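Worksheet: the structure to be examined is printed underneath.
What follows is calculated from the coordinates using simple rules that are stated; it is not laboratory data. All values derive from a computational prediction rather than experimental measurement. When we count neighbours, we look across all protein chains shown, and the Cβ atoms used for this are built from the backbone with ideal geometry, even at glycine.
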Amino acid sequence: MRPNKTGALAWLPELCWLVVVWVLLWGSVSPLVPLTGIAIAAAALWTARLPRPAPLTGRLRPVRLLVYVGDLVGELFSSAVQVSWQAIRYGGPAGGALVSVPIRAHSGGLLLVTANSVSLTPGNVAVELDRENGRLFVHGFPIRSEREVEDLRRFVVRIEARVIRAVGSPQDLRAIEQEEKRR
Amino acid sequence: MLVLLLSHFGLAASVPFVARRLGRATFVLAAAAPAAALVWAGFRLAEVVSGGSVTASLAWAPQLGLWFALRFDALASAMVALVAGVGVVVLVYCSRYFERDEPGLGRMAGLLVAFAGAMLGLVLADHLLALYVFWELTTVCSFLLIGHRRDEESRHAAVHALLVTTGLGLFMLVGLVLLGQAADTYRISALLAEPPEGGPVSVAVVLILLGAFAKSAQVPFHGWLPAAMVAPTPVSAYLHAAAMVQAGVYLVARLAPAFADVAAWRPLVLSVGLVTMLQGGWRALREDDLKRLLALGTVSQLGLLMVLFGAGSRTAALAGVAVLLAHGLFKAALFLTAGVADRQTGTTRLDGSTGLWRRMPGLFGAAVLAAASMAGLPPLLGYVGKEAAYEAFLHEGVPALVLAGIVAGSILTVGYSVRYLWGAFGGKPHTLTAAPVPLPRVLGLVAPAATLALASLGLGLLPGEVHVLAAAYADVFAGGEEYHLALWSGWTPAFLLSAVTIAAGLALHPLRQWIEGAVVRVPDAGAVYRATLRGLDLAAVTVTRRIQVGSLPVYLTVILTTLVATPGVALVSHGALPSTLRLWDTPVQLMLGLLILTASAGVAVARRRFTAVLLLGAAGYGVAALFVVHGAPDLALAQFLVETLLLVVFLFVLRRLPPRFLEARQRPPVSHAGAAALAGLLGVFVGGFFLLAATARRWPSVSAGYLDRAREAGGTNIVNLILVDFRALDTLGEVSVLAVAATGVASLVLVAWRGVGGGDGDPAMTEESEKRRRRRLTPRAREAPRRRWLAAPYGPPLGPRSVLLEAATRIVVPTALVLSAYLLLAGHERTGGGFAGGLVAGMAFVLRYVAGGRYELTAAAPVRPASVIGLGLFVAAGMAVPGWVGGGEIFAGTVLEATLPVLGHVKLVTSFFFDLGIYLVVVGLVLEILTALGAQVEEEGGLAQ
């Protein structure tokens, strides 16, 4: 891990993000907008009084990012169809299940992206994250059989791997690759 | 004059801040304002006594006929002399009277100056409504000053005074409005020049007199004045002897020239005044407390003043001015001596054995002078006034009963004057140590009283000068008599009556034991007041029990049925549907309409509250989508945000309610079908109403000019411009009402739940359980870095902590804040505005609260929500000032533009600050809701555990 960034520098990524949001909102890049953006972003961070963000440890790998996004978008469609079919075909109350999935990523950011990707797909909600024991609890729908539980579990693991490949730290990436070799 | 008034209030607002450093000298500083008023009045006196007047006015809202008009004439000058003169003396006296460490010195000094300013405004006001405002300001000051000691007795006395004077003040307000409407002007000078006539005027005059009677402690409203004697002595001397209680008399004097001939005036004023004079005098003779004796004496003298000014004749008015001045001087002086006596002997009981006359001859001298003026002995001012009073009523045409009453009242006055001197100073000092202790600071305490007493003497020796002033007022009364105020007018009947009065009065003193023992039942005004209050309470409880059954469905049914039944019937009978009706612009509207209808119908049939809330939200979002389709993004944005906030609030509330609307075999207070039918009818009514209202337009729409004006106001978003510029005053009103309502509701919720159970929110406890939890973890888990996402490491209000929620909150909050800043800043040009921005920022706080609980909220916004609301209102209302002061209209905005080197073209519209105010109010409101509802929910959780 990199040495802890201290002081104001740790806020820099978040500040940049906020300035980007600001510029996009105004839809203009005349000097006035980014400059006020910096002031507003700093003010927002200061007034929010939140704890300092974690240092970024990940690396951006553009190709793999595309793979991740593509996979996710595909999954969005397929599960949307599944859920709709469930509603139209069966209607009424259907079976759902709370599934516990073991996770491997260490950084909180990666876990979050994973959990939220899962939640994005229709029918699935990441309910809780137990970081101490390395588990993600996902509520899936529709689930009627043990096989579908396994499908969901595999889906979560796959998405996690894609996320780590796309933006994970080298350390996380090595862990994944070693594990897959062992299989 | 305006500057003079403002300086009073400015000083009043600032002295409390320097009080800690200056200590008792604060009072001397505070005396600067009345002193300036006194000097100013002195310079303008010449102008006034020749019959002229000094006026000043400030346009407040000229379109509405609201002028802040001041007028300084002969009557006002007499009052100003009293108010400012006695004010200076009393303030100087205060700087010696109070102990150095007396609590609330600064507050008291500020209030006294504020009172002096209010009183000054009252006597100078030339507008009925301005007069009323100052009238009530003096009442408020009096309330605060009586309650200075903050114990039970002071509090009761303060409330008593407040209820009686403001309660009848409301009658007076009605009277003033009636009068102003009848005369078609609220300017007092114009009103007096051409007095209106007719039935409403008689009613108005009676109502105004009621207010004046209460203020000047006339029977039967006099009970508050003796009770008010719990106030510190200087306060009694100023407010309850010289200044405030004379306000009622002043009003009678002010209106008498025009309205003394109204049928009800003379009988009412003369009878009430006489009864008050006799009753007060009699009770003063039996009183055994120095201050209450003086207070009852004041009641009696105010009765005399009422008679004199109410009589509406020239001589009586001359006497009135003289007695007014005399009474202010001698009564304040007597109170000040009573204060010293109290400080030196430690009691205000009057037992005739203090022997103070030997120990403090200077003080005794001052008291003798003042009491002599009160008793009407020559050559003091009181004598001059009393002679004139006798003279006025010796003439034919006035019932002899009035004269008899005044003589009897004056005899009583002489009696209690002697009683006061005897009680405060008399006897041998046998209860005190033989060698008198050296008395500290005695000069500073005696000098003010002596000043006032000597002024009585001085004016008494110069009756000619007093006459000039009094005549400048009294000459407006038509009357043949050419009476002059004088010490010696020859062997007139009035002189003989004076002699008889004094002799009889002196004879009362030896009879004091008989008088004290005499059984004469005079109704006690205090008992009447208490009985009235009890009756009122009882009536309120009875009515409330009948009307307020405590069931929300029943209330709603009553309100909505009324709505459907009254305007609804009118709509059906008189309304005409528009000839052409377009069902929709695009099919999307139809779809959305169906969605909304389905959701609404779903709410009606839902069994579970949660389902109903969600369906309600769906209907709301559907309406927002309709707005979007209709091309109203601002409305849609606001609707979306409000709907979301509402959902969260509902979730908090649902925690406390059973999941289903009705438990098994429970009968609803309003039948389900009935409620659904009513709701349906209401929907039809509202829809039909809007349809008709939109087509019933006869005049061109006011919004037609908005587009052109928008450029002038420096913006392009008309919705926002209407809110913050064109109709800023409306918005301010709405925001204020919202703030008041929210604060009220929140305080009710908080009050109801404060002190119930311990709650689970104790940080120390939570920290302890957190440690315990970690000890139970597996080794791997313990090594895992425990990251903090939020500022406060304690749990949320509902359920266990959720890392996912916390993390999402951590990431979303700064972005939400930036978005809210954008909405606020962009509102003038694009979709947005302070309201939407404030809601988005509020939503960020909602998120943090839901994720992190009460402590997270405190960490996020370490301010009291009420302060945020207050600051917002202040900023928004403050925007009214620049335009107004700049000579334009209130809320007039300016566009500031500049081209800067790097930044380019920069534009700032001043109405942005108004928007900022709204933003703050909304954020404060959301915080208030979270605090109130959240506290309740967490309390509940604590109890459940």
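A few comments on the model shown:
- Relative packing of B:549-561, B:113-125, B:407-419, which averages over residues the other C-beta atoms within 10 Å, highest first: B:113-125, B:407-419, B:549-561
- Scoring A:144-154, B:608-618 by mean Cβ neighbours within 10 Å over their residues and listing the highest first yields B:608-618, A:144-154.
- Taking every residue in A:114-122 and counting other chain Cβ atoms within 10 Å of its Cβ, the average works out to 1.
- Whole-percent P(r), segment B:1-126, all Cα pairs, 10 Å bins from 0: 14, 41, 27, 14, 3, 0.
- Between B:Ala32 and A:Ala39, the FRET efficiency estimated from the beta carbon spacing at R0 = 41 angstrom works out to 0.35.
- Straightening the chain between B:Ala263 and B:Leu560 buys 102.1 nm, computed as 0.36 nm per residue apart minus the Cα-Cα spacing.
- Residue order, fewest to most beta carbons within 10 Å, for B:Leu377, B:Leu681: B:Leu681, B:Leu377
- Think of it as helices only: each DSSP H run of n ≥ 4 in the protein assembly as shown is worth -39500 (n - 2.57), and spread over all residues that comes to -23000 deg cm²/dmol at 222 nm.
- Degrees separating the helix B:803-826 axis from the principal Cα axis of chain B, which is the longest one: 60 degrees
- For the protein assembly as shown, lysine pairs separated by 8 or more sequence positions, or belonging to different chains, with Cα-Cα distances below 30 Å total 9.
- Computed from phi, the 3J(HN,Hα) profile of segment B:667-676 under the Karplus parametrisation 6.51, -1.76, 1.60 (θ = phi - 60°) reads 8, x, x, 10, 4, 4, 5, x, 4, 5 Hz, with x in place of Gly and Pro.
- Packing-based exposure ordering (other Cβ within 10 Å, fewest first) of B:Leu933, B:Leu278: B:Leu278, B:Leu933
- Mean Cβ count within 10 Å, highest first, over the residues of peptides B:385-394, B:717-726, B:53-62: B:385-394, B:717-726, B:53-62
- Across chain B, the relative contact order, built from alpha-carbon pairs under 8 Å that are at least six residues apart, equals 8 percent.
- Take each residue in A:58-69, count the other chain C-beta atoms within 10 Å of its C-beta, and the mean is 0.
- Inter-chain Cβ neighbour count for A:99-110, averaged per residue, equals 1 (cutoff 10 Å, partner chain atoms only).
- In plain terms, the C-alpha convex hull of the protein assembly as shown casts an average shadow of 60.3 nm² when viewed from every direction.
- Given R0 = 60 Å, the distance between the Cβ atoms of A:Val157 and B:Glu829 translates into a calculated FRET efficiency of 0.80.
- Kirkwood hydrodynamic radius computed over segment B:587-662 comes to 13.0 Å, based on all pairs of distinct alpha carbons.
- Formal net charge of residues neighbouring B:Leu908 (Cβ-Cβ distance under 15 Å; K, R +1; D, E -1): -3
- Averaging Cα coordinates gives a centre for segment B:518-591 and one for segment B:31-100; these two points are 46 Å apart.
- ³J(HN,Hα), Karplus 6.51/-1.76/1.60, whole Hz, each residue of segment B:333-342, x for Gly, Pro: 4, 5, 4, 5, 5, 4, x, 5, 4, 4
- Projected-area mean, segment A:7-48, by convex hull of Cα positions, square nanometres: 2.8 nm²
- Between the Cα long axis of helix B:552-574 and the first principal axis of chain B there is an angle of about 90°, rounded to the nearest 10.
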